[in-house]
Each structure stands twice: as C-alpha cells, then as structure tokens.
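**Q** Starting off with a structure, shown below.
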C-alpha cells in the first residue's frame, strides 16, 4: 500500500483537462474552476451543469472521446472520470508517464499519478479525507457525515477570524503576542464526534473474506 504526500496544488491559470461528462466530471470541474484553473472538458455528452458552464465559456468543451493529441501544448493536469474504459485509463497513464502531466483516474489509483481526497468545504475551510486508495467509498461516506457539522454559522466564524487576523497584523507589532491572541480566539473550538463501523478481524487473523 502506498501512502501519498499530501499537498495543495496551485492550479491558477493552469491548463487542465477533465475526461468525462457525468456527475463526477461536474464535481471535479467545479473544484478546478474554484481553484482558478483553465478547464477543458472532453466528452461526447455533458451533464446539465456542464452544459451551462460550456455555454457561458467558463470551460472549453470538446464533444468527442479523448485523443492523445489533447495533452499536447503544455497540459498540466488531467482528471479521468470514465470508470468503464480500462484501455483509456491505461493509455492516459502511459501518456502521463511520457509527457509528465499529473493524472488522476477516479477510483483507479493504479492508473493515477495522484489521487484526489474527498473534500469537506465551507468558506475557506478545506478538510481532505483520503484512505490512500483503500476505499474511496469510505472517504466519501466520512465526508457526508462531516459536512453538516460545518454550517453557515461556522462560515461566519471563519470570516470573523480572517478579519480579526488582519486587524492584529496591522495593530499588534509583537509576533508572539499576536500568535497568542489568535490561539486564544480558537481555544474554545471543539469537535465532538463518534464513529461506528463493523467489527472485523485483524489482518493476521483473517482466513478468508
């Protein structure tokens, strides 16, 4: 099992491709757009939301299947959301190795050079959840349970923190005191959670599934 190195990528103004036009492609496209990427969606068909994005020129749409020439010209990152075409996934992986672009094939870590964690997003808050490819379904399930905890009231709190930090940076010259005031501001933030899951045997004790 491989454990990835968690980072946040700056994709602002970077040329990126999303292969596929369904719900998964829609979600990944929106995440790239939110981060400022220049997105091309390659798929014969599009979800209704992607049609709107294409019609408003927020994304470039190529209404056909992916071709190897699509990654010519400095493509930086490709997200493949097509789950039913192993040949496509394998060809994309080989291209990524040859040309050096980043590749994520949804639910196919063996055909990826990076994976995308499930993401809890509220205002500027980002909580990434990864199982290192063991179970994307579990990562999604955890995200669904965590999302309701961070509601609109929490977003207001984040906005206040941002303004408070900016205020201290302009009014408090002493770094240590400023850092202490910021720690005090979040001292009462508590996350109370309980997790339930099926009881299973340890790996060494498993005799069969």
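The values are calculated or read from the model by the stated rules, or taken from the named source; none is laboratory data. All values reported here derive from a predicted model rather than from experimental measurement. Virtual Cβ from ideal backbone geometry, glycine too; neighbours counted across all protein chains shown.
**Q** Does residue 192 meet the test of being modelled with pLDDT of 95 or more and either farther than 30 Å from residue 135 by Cβ or within 26 Å of the chain's Cα centre (by Cα) (or both)?
**A** Against the criterion (modelled with pLDDT of 95 or more and either farther than 30 Å from residue 135 by Cβ or within 26 Å of the chain's Cα centre (by Cα) (or both)), residue 192 does not qualify.
**Q** Hey, can you tell me all the residues within the stretch 124-145 that are surrounded by 15 or more Cβ atoms within 10 Å (Cβ to Cβ) and on the phi > 0 side of the Ramachandran plot?
**A** 133
**Q** Next question, about the same structure. Pull up the stretch 158-183, narrow it to residues that are touching a residue at least 12 places away in the same chain (Cβ under 8 Å) and surrounded by 13 or more Cβ atoms within 10 Å (Cβ to Cβ), then point me to the one that is nearest to residue 106 (Cα to Cα).
**A** The residue in question is 158.
**Q** Going through 73, 36, 20 one at a time, which residue ends up being on the phi > 0 side of the Ramachandran plot and within 16 Å of the chain's Cα centre (by Cα)?
**A** 36
**Q** Next question, about the same structure. Working only within the stretch 84-131, note down all residues that are assigned to a loop (DSSP other than H, G, I, E, B), touching a helix residue (DSSP H, G or I) at 6+ places or on another chain (Cβ under 8 Å) and in contact (Cβ under 8 Å) with a residue 12 or more places away in the chain.
**A** 101, 106, 107, 108, 112, 113, 115, 116, 117, 123, 124, 130
**Q** Picking from 158, 182, which residue would you name as being closer than 30 Å to residue 24 by Cβ, in a helix (DSSP H, G or I) and at pLDDT 95 or above?
**A** Matching residue, one of 158, 182: 158.
**Q** Exactly one condition in (1) outside the structural domain of residue 35 (by TED's automatic domain parsing); (2) under 23 Å from residue 38 (Cβ atoms); (3) surrounded by 13 or more Cβ atoms within 10 Å (Cβ to Cβ) is not met by residue 112; state its number.
**A** Of everything listed in (1) outside the structural domain of residue 35 (by TED's automatic domain parsing); (2) under 23 Å from residue 38 (Cβ atoms); (3) surrounded by 13 or more Cβ atoms within 10 Å (Cβ to Cβ), residue 112 misses just condition (1).
**Q** Can you tell me which residue within the stretch 1-40, out of those that are part of a loop (DSSP other than H, G, I, E, B) and in contact with a helix residue (DSSP H, G or I) (Cβ under 7 Å, 6 or more places away or on another chain), is surrounded by the fewest Cβ atoms within 10 Å (Cβ to Cβ)?
**A** 11
**Q** Out of all the residues in the stretch 184-206, which are over 30 Å from residue 137 (Cβ atoms) and either surrounded by 10 or more Cβ atoms within 10 Å (Cβ to Cβ) or touching a helix residue (DSSP H, G or I) at 6+ places or on another chain (Cβ under 9 Å) (or both)?
**A** 185, 186
**Q** Would you be able to say whether some residue in the stretch 90-103 is within 24 Å of residue 141 (Cβ to Cβ) and more than 14 Å from the chain's Cα centre (by Cα)?
**A** no
**Q** So, one more: What number goes with the only condition from (1) within 29 Å of residue 5 (Cα to Cα); (2) within 25 Å of the chain's Cα centre (by Cα); (3) surrounded by 14 or more Cβ atoms within 10 Å (Cβ to Cβ) that residue 148 does not pass?
**A** Unmet for residue 148, out of (1) within 29 Å of residue 5 (Cα to Cα); (2) within 25 Å of the chain's Cα centre (by Cα); (3) surrounded by 14 or more Cβ atoms within 10 Å (Cβ to Cβ): (3).
**Q** Could you list, in sequence order, the residues of the stretch 48-83 that are touching a residue at least 40 places away in the same chain (Cβ under 8 Å) and not in a loop (DSSP other than H, G, I, E, B)?
**A** Selection gives 70, 71, 77, 78, 79, 80.
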